[in-house]
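Structure first, commentary second.
Read-outs throughout are calculated quantities, based only on the coordinates presented, and are distinct from any laboratory measurement. All figures in this text were calculated on a predicted structure; none of them were measured in a lab. Cβ atoms come from the backbone with ideal geometry, glycine included; neighbour counts cover every protein chain shown.
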Amino acid sequence: MSGKKPQSTPNPPTSSDRPAADAAVRPPVRTLSPRKLWLFRLAAILLSLSVLVLVEAAFRLVGVGQNLRLVVRAPENPLGLTHQMNGAVDLAFYGAADLTGPETRRFRLPKPRDTYRIVFLGGSTVIGFPYASELAFPRQTEVQLQRQNPDLKFEVFNVGITSINSFSVVDLLEQCLECEPDLIVVHTGHNEFYGPGGPGSSAVSVPYPLVRPMFALRRCRTSQLVESVSPFRRPMSDDLLDTLPRTLEIPLNGAVFERAKQNLRRNLERSVAIADQHRVPILLSTVASNLKDQSPLRSVGPSEISPDQQARWERDVRRGESLLRQGELTEALAAFHKAEEILEHHARLSYRKAQCLEALGRNDEALAAYKQARDEDACRFRAPSVFADIVREVADRSANASFLDVEQQVNAESSPAGPGHDYFFEHVHYTFAGHVSLGRMFARGIQEQVLRRPWLPERVPSREELETLLGVVPEDHLAAYSSAIEVMQTGPLKSALDAARHEEHIKKLIAEGFFGLDPTRREAFADIPMNIMVNDLIGGLVFIHRVRGNTDLSEEFARLAAVRRPWMVGSFP
């Protein structure tokens, strides 16, 4: 064993020793100034955006996705019409749901010098549902104006789309300027709560400033591709009345109600500002609704009344309803007044009181009560009275805007106690007689307020003459009745207070219309699918009679198709 002491191994440098050693060999770290740091971040963002722009351009070049702009190039056609309204524009508002409208009318750009071009914007009442767009009041406005002014050539473009509200209207108004309009007509209000961006809607439920950017995003091909493959994509049901409302109970003057008022005002103000900026006259109109023959869909009252008060209120209302059915009108009205002492603002009570007042011949009071019942209906498918005030106020603040009180005129021209089945099928959709009246109202309003010309009653076509000019056939009315009954049997409308009575009225019209056709036309109509009936009835009639060997009828419907859609000449050989 050795006596030498073992040599010790040197200890490695500790962490405290490293910085001094490393400093001699490591270069100093350079930090960016705040200004350069922000420039770097901005460059990174711009680079990312440029990549997205290039991808978007590539998708458009190779045809990925759809062009969702309103005005697009028209296919080559014998008439040399260069552009048309895009039937797919509505996909920007509801995503996967393809809705009815707008009318895909073809036209020329630049606009011919002798042409006066009008664009109507709005929802399903504007597109004409349950009638075809070529029979709706915008087309009838064109016919009436043409008769009043034979020295001008009128073109009225129907940009009505089912279930849209003022958010979509602003978006469409900005786009419709590409078709060089001489006048823009805005007729909106019924879908303010449940349309895209509405405070009670399940569609595009984002804050106000983000609604229109959402529409723009959906027009991007990149966004369309991502949405088409997304596992979270939910196709929207055709039953929009059932799927769009996020809530069916929106109390009068509550928070949601107030947001809808604010949205309508801001969007109408924006519409007028855009029209002013481009020096295009704009006409704002109120919207009318069925007061007498659309009973409330949802009746709600204050929750603060006690159970005992609720029981007494229900007893008084039921007693009044029973007396009303028996024709004991004075006693019925007394029972309703007694119920009002407990709970006054209730749609069911107001509606029954209106019916009682109408039966007593107190029509002015009945009209006021019917309006109150409409306003108190918590299911907001009909524009409340306050919306008319908003439309008027916005129009009055612009020298470029005109105002047409359609609601007041409809209420005045209908039955003494207010409009019902004489103007409407159900809550807001017009009968053919209703479309005739609105076409005349709008034509006269435009003639006197915008064109500054006198209205000549002797130039107004008769009902028979108007139907000939439009190319109306009995199948049009029967198709409208069939669509109306579907609406009545859908969503909240099937649970209306007097749903059975409303439905019975339409069923009677269907029976009369169906058995009023001769057997050949009746059997052919019965074989037309509902989607064809709604989207292209006249084309469906041409086809089915040709298949059945009814040559004369097929040729007659083809002739009428050319009358109704002259821009499509050549499409119905």
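The Cα atoms of region 307-376 give a gyration tensor whose axes a ≥ b ≥ c have a/c of 1.5 or more with a/b no greater than b/c, which makes the shape oblate.
Pairs of Lys residues in the chain, spaced 8 or more positions apart or belonging to different chains, with C-alpha separations under 13 angstrom: 5 in total. Computed from the C-beta positions of SER202 and ILE305, the FRET efficiency with R₀ = 30 Å rounds to 0.45. With everything on Cα atoms, drop me the angle between helix 432-445 and the longest principal axis of the chain, reported from 0 to 90° to the nearest 10. The two axes meet at around 80 degrees. Going by the alpha-carbon gyration tensor, a ≥ b ≥ c the square roots of its eigenvalues, is region 56-164 rounded (a/c under 1.5) or, if a/c is not under 1.5, prolate (a/b greater than b/c) versus oblate? Oblate, because a/c is 1.5 or more while a/b does not exceed b/c.
Dividing the mean sequence gap of close Cα pairs (under 8 Å, 6+ apart) by how many residues region 369-471 holds gives a relative contact order of 15 percent.
Computed from Cα positions, the angle between helix 347-359 and the longest principal axis of the chain comes to roughly 20 degrees. Here region 346-391 yields Rg over Rh of 1.03, to two decimals, using C-alpha coordinates and the Kirkwood radius.
With a simple spin-label model that places each label point 7 Å from the Cα along the Cα-to-Cβ direction, the separation between ASP276 and ARG35 comes to 4.1 nm.
Ordering SER483, SER201 from the fewest to the most neighbouring beta carbons within 10 Å gives SER483, SER201. Think of each Lys and Arg Cβ as +1 and each Asp and Glu Cβ as -1; about the Cα centre, that makes the dipole of region 307-376 roughly 200 debye. Is the C-alpha gyration tensor of region 500-550 telling us rounded, prolate or oblate? Criteria: a/c under 1.5 is rounded; beyond that, a/b larger than b/c is prolate, otherwise oblate. Taking the square roots of the gyration eigenvalues as a ≥ b ≥ c, region 500-550 is oblate. Amide H contacts of PHE154: TYR116, each under 5 Å away and 5 or more positions distant or on a separate chain (H built 1.01 Å from N in the peptide plane; Pro and chain starts excluded). Axis angle, to the nearest 10 degrees, between helix 166-176 and the longest C-alpha principal axis of the chain: 90 degrees. Footprinting exposure proxy ranking of SER437, SER166, fewest other C-beta atoms within 10 angstrom first, gives SER437, SER166.
Among SER223, SER414, SER385, the ranking by other beta carbons within 10 Å of each residue's beta carbon, starting with the fewest, stands as SER385, SER223, SER414.
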